[in-house]
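The values are calculated or read from the model by the stated rules, or taken from the named source; none is laboratory data. Given the structure is predicted, the values throughout are model-derived calculations rather than measurements. Here the Cβ is made from the backbone with ideal geometry for all residues, glycine too, and neighbour counts use every protein chain on show.
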Amino acid sequence: MVVPLEELLRGLAPQVLGAVVRRFGHFDTAEDAVQEALLAAAQQWPVDGVPASPRGWLITVASRRLTDLLRREQARQRREDRVAQWAPQGVPVGDTDDTLVLLFLCCHPSLSAASQIALTLRAVGGLTTAEIARAFLVPEATMTRRITRAKASVQDSGARFTMPADREERLGAVLKVVYLIFNEGYASTTGPSLQRVELAAEGIRLARMLYRLLPDDPEVAGLLALLLLTDARRPARTGPLGELVPMADQDRSLWIPELIDEGVQLITATLPRGPVGPYQLQAAIAAVHDESPSAEETDWPQIVALYDVLLLLTDNPMVALNHVVAVAMAHGPTEGLACLSAIEHDERLTKDHRLYAVRAHLLELSGNPTAAREAYEQAATRTTSIPQQRYLHLRASKL
């Protein structure tokens, strides 16, 4: 099967950038050189044909462009005597190793989570700055500054293009960045659309890449399974006008069975290997939901048990809030409200609309429409997602 040129270049971009940075350093300038090489390929290959070694062609062209850029920079700085130091460094490694190193480099601990996400999407995902800016609803100039600062911070840190010694510790940041990229696409926190499908797809693509590179890591497998099982529900999450459809009301025939099957098989094979981590447990919870024939047949006691274990591993307020919902569904809204009272003063939750939405739902189930309506309205004022606002106002109006 012939791979479309855009898809081929997008897949090669992180491999080429990784190879050039590993050989020459100069992360910021290397990224510019690789972009120029990709542009040259997009212009020349449709006319001259795709070369026998597309990756080698791009690395060669990017290396030449990098040398030109560095020469000009050094000339301006009157340091042409350093040109001799631009020779390739080290023994080459495989393209998959380069991509993995690049992922870890983008998640350098000196960067904020927002900068890690932006840099990962730019360097590994191959998205343009304009695309990233649109995804996060900020001006392109703002995103340009954020990415530029991130690249400069990595450069100034003196980080070399090698697998970091703290790989095990930094893998958590890498997984979190991929998860956040997916989650912002699956449930957008701002703007007129509930979902940004292309951003969620990019999160899954990065998770698949990580799984190919680290197939024996159970949390990498757990993350991929979680994203697949979650994305399987995407077609049923919105109605004809883009409105939010909660899981209990979704048409499950619209769920994507191929993603469910792949996710279930992956998490089923992964859990026995251990050690069990948060992404694996979340994937197991997602699998219970996806395998339930209907909302009424959901095995809520099993979900509660999985959340009980998950709460032992993570101090995540959203996990605690989801645990409350599971308790309410398994044992009734009164018990759910009792659990909610134990976490509702957590400062990490008090400004989040989801706390008030859960409270409203449980109050509605418990037969207190007046308090439920007030809580729905409070939730609506705390979200910047327009579809979420509409849904919450609608629930309030029905009471």
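Couple of notes before you dig in:
- The residues of region 347-373 that are in a helix (DSSP H, G or I), surrounded by fewer than 17 Cβ atoms within 10 Å (Cβ to Cβ) and either among the β-branched types (Val, Ile, Thr) or without any contact (Cβ under 8 Å) to a residue 24 or more places away in the chain (or both), listed by number, are Thr370, Ala371.
- In this structure, Ala207 qualifies as touching a residue at least 24 places away in the same chain (Cβ under 8 Å) and within 12 Å of the chain's Cα centre (by Cα).
- If only residues of region 327-358 that are within 25 Å of the chain's Cα centre (by Cα) and hydrophobic (A, V, I, L, M, F, W, C) are counted, the one that is farthest from Ile303 (Cα to Cα) is Leu349.
- Residue match in region 312-319 (condition: out of contact with any Lys or Arg (no Cβ under 6 Å at 6 or more places or on another chain), modelled with pLDDT of 95 or more, assigned to a loop (DSSP other than H, G, I, E, B) and closer than 27 Å to Leu259 by Cα): no
- Considering the conditions (1) within 23 Å of the chain's Cα centre (by Cα); (2) under 20 Å from Leu244 (Cβ atoms), Thr381 is excluded by exactly one of them, (1).
- Cβ pairs under 8 Å, 6+ apart, first in region 213-235 and in a helix (DSSP H, G or I), second of a type in the set (Lys, Arg) and modelled with pLDDT under 95: Pro218/Arg273; Leu224/Arg208
- Condition met for Gln155 (surrounded by 13 or more Cβ atoms within 10 Å (Cβ to Cβ) and part of a loop (DSSP other than H, G, I, E, B)): no
- Subset tally (residues that are in contact with a helix residue (DSSP H, G or I) (Cβ under 8 Å, 6 or more places away or on another chain), surrounded by fewer than 19 Cβ atoms within 10 Å (Cβ to Cβ) and outside any loop (DSSP other than H, G, I, E, B)) for region 180-212: 9
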